[in-house]
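Student: First the structure, which I've put down as structure tokens, then a few questions once you've had a look.
The values are calculated or read from the model by the stated rules, or taken from the named source; none is laboratory data. What you are looking at is a predicted structure, and each value in this text was computed from that prediction instead of being measured. As a convention, Cβ positions derive from the backbone with ideal geometry for all residues, glycine included, and neighbour counts pool all protein chains shown. SASA here: full protein model, heavy atoms, side chains in, ligands and nucleic acids out. Shrake-Rupley method; radii C 1.70, N 1.55, O 1.52, S 1.80 Å.
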Amino acid sequence: MIVSEAVTVRVPAKVNVYLGVGPREESGYHGLATVFQSLSVYDEVTVEAARTLSIAGVGKWASYIPTNSTNLAWKAARKVAQAYGIDPDVRITINKSIPVAAGLAGGSADGAATLVACNAFWGGKLSHDELEVIAAELGSDVPFMLHGGCALGVNRGDVLSPVMTRGIFHWVLATFNEGLGTPEIYGRLDEMRDAEFDQAPQVPTELLAALAQGNAEALGATVFNDLQAPAIAARPVLGQVLEFGLEQGALGGLVSGSGPTVAFLAESESAAIDLVIGLMGSGLVDGALHAHGPVHGARVVPA
Ligand code: C5P
């Protein structure tokens, strides 16, 4: 049953405030202990009736959007249709503001948004828990994009529990037009590590306390990402960008996810804007933007 002509869902980007990576498992995946925070950079995904499934991209990053079955939005529409026992005959329009292949989970965000949009479009029969199961099948980051906020992720990052935070954190994202491949960065990490490496990752309590207190300075001192070293090895300019941002007064900085985006924590909104201007003039990055977090996850935009 189609309940409206079109449904639009707004979905944020994420940063991994902490990303601890365990050894490579037999499945090829790595056990994680990560803390996600959703950020105020949004994609909008619109679903409307069509003769057949298709994807179109609009917005700044439109030309980078795959318009075929490799897009998680495509897979998401098919999975929701399968659960309803219908054909996935919708046109999906992705208005893209989240940089692509950037370590900001933009592809996962679009997958999550499409799950929510298709479910609303076809009558809202699937519960949040059912959507979460489909989300985990789509990719490790997709379940968090449904939730948003701030969450601890274990297993592949798909088993979530909420993390308490206070107030708003101001971030600056240094972006690059050319992405990095997630499997390549995990592979580099394995190569950089001792073959016997077997440490289970764990989120430090200091970091959770900093989030709970809304203490940006303490958070800046504890942010960490195991994928940062392999991302810098793949793209050495990221090391220079980190140095530049910290010299300019950022409270902390790290590569986001598998990169290449570098995320800096700023003391205030005005400090964030100053850093954006500094980075834009540095010649080291393709773009810089201010975002705050945490914000809500994938949600239907009221018509
Ligand atoms: O789950 P997703 O499709 O986002 O993962 C993309 C790739 O990232 C995987 O194929 C794998 O190489 C790597 N990965 C991993 N361990 C994780 C998550 C992702 O090795 N926990």
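Student: So, in segment 233-268, how many residues would count as being closer than 20 Å to LEU279 by Cα and in a helix (DSSP H, G or I)?
Tutor: Qualifying residue count for the region: 11.
Student: Counting only residues that are at negative phi and within 16 Å of the ligand (Cβ to nearest atom), which one in segment 150-178 is surrounded by the fewest Cβ atoms within 10 Å (Cβ to Cβ)?
Tutor: By that ranking, first place goes to VAL159.
Student: Looking only at segment 66-81, decide whether some residue is more than 15 Å from GLY179 (Cα to Cα), in contact with a Pro (Cβ under 6 Å, 6 or more places away or on another chain) and not hydrophobic (A, V, I, L, M, F, W, C).
Tutor: Within segment 66-81, one or more residues are more than 15 Å from GLY179 (Cα to Cα), in contact with a Pro (Cβ under 6 Å, 6 or more places away or on another chain) and not hydrophobic (A, V, I, L, M, F, W, C).
Student: Looking at the structure I just gave you, is ASP226 crowded, with 21+ Cβ neighbours inside 10 Å and either of a type in the set (Asp, Glu) or assigned by TED's automatic domain parsing to the domain that holds LEU39 (or both)?
Tutor: Yes, satisfied.
Student: Also: If we only count strands (runs of 3 or more DSSP E) wholly inside segment 1-110, which ones have 2 or more residues that are open to solvent by less than 10 Å² (accessible area, probe 1.4 Å), farther than 21 Å from ILE134 by Cα and among the aliphatic types (A, V, I, L, M)?
Tutor: Because the criterion is at least 2 residues that are open to solvent by less than 10 Å² (accessible area, probe 1.4 Å), farther than 21 Å from ILE134 by Cα and among the aliphatic types (A, V, I, L, M), the strands (runs of 3 or more DSSP E) in segment 1-110 that meet it are 6-24, 30-49.
Student: Moving to a separate point now. Out of all the residues in segment 116-129, which are touching a residue at least 40 places away in the same chain (Cβ under 8 Å) and either part of a helix (DSSP H, G or I) or among the small types (Gly, Ala, Ser) (or both)?
Tutor: VAL116, ALA117, CYS118, ALA120, PHE121, GLY123, GLY124
Student: Quick one: how many residues across segment 265-303 are farther than 24 Å from ASP110 by Cα and in contact (Cβ under 8 Å) with a residue 24 or more places away in the chain?
Tutor: Of the residues in that region, 15 qualify.
Student: Hey, can you tell me all the residues within segment 130-147 that are in a helix (DSSP H, G or I) and either open to solvent by 30 Å² or more (accessible area, probe 1.4 Å) or not assigned by TED's automatic domain parsing to the domain that holds ALA105 (or both)?
Tutor: GLU130, GLU132, VAL133, ALA136, GLU137, HIS147
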